[in-house]
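Read-outs: derived from the displayed coordinates by stated rules, not from any lab. Owing to the predicted nature of the structure, the values given are computational and were not obtained by experimental measurement. A quick note on method: Cβ atoms are made from the backbone with ideal geometry, for glycine too, and the neighbour counts reach across all protein chains shown.
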């Protein structure tokens, strides 16, 4: 466990993958864009100029680096925020999008999990 996790009491339930993809987020009346820098099946690290604070609920649209259309997260909670970066936990997603996200994350971790047609 690294020192940051010890200080914050943070314990991740799932490992994250490093990636860069674009994101559109909505916080009430404010809509903005940002970048995702890492992700798991449960949440992601975002950098955006949209001001957020811990506890805010957001709606997200993720553009994963794959040919399929963007993915919608109907509810995500801000878990931590520091300057322009913040972590979100995915709370509400359609089941098909959650399955797609889990498949994407698994394939990034395990190249043998990919299916070839």
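Annotations for the structure displayed:
- Residue order, fewest to most beta carbons within 10 Å, for 16, 85: 85, 16
- Ordered by the number of other Cβ atoms lying within 10 Å of each residue's own Cβ, fewest first, 86, 37 fall into the sequence 37, 86.
- With Cα atoms as the point set, the radius of gyration and Dmax of the range 14-110 evaluate to 12.3, 39 Å.
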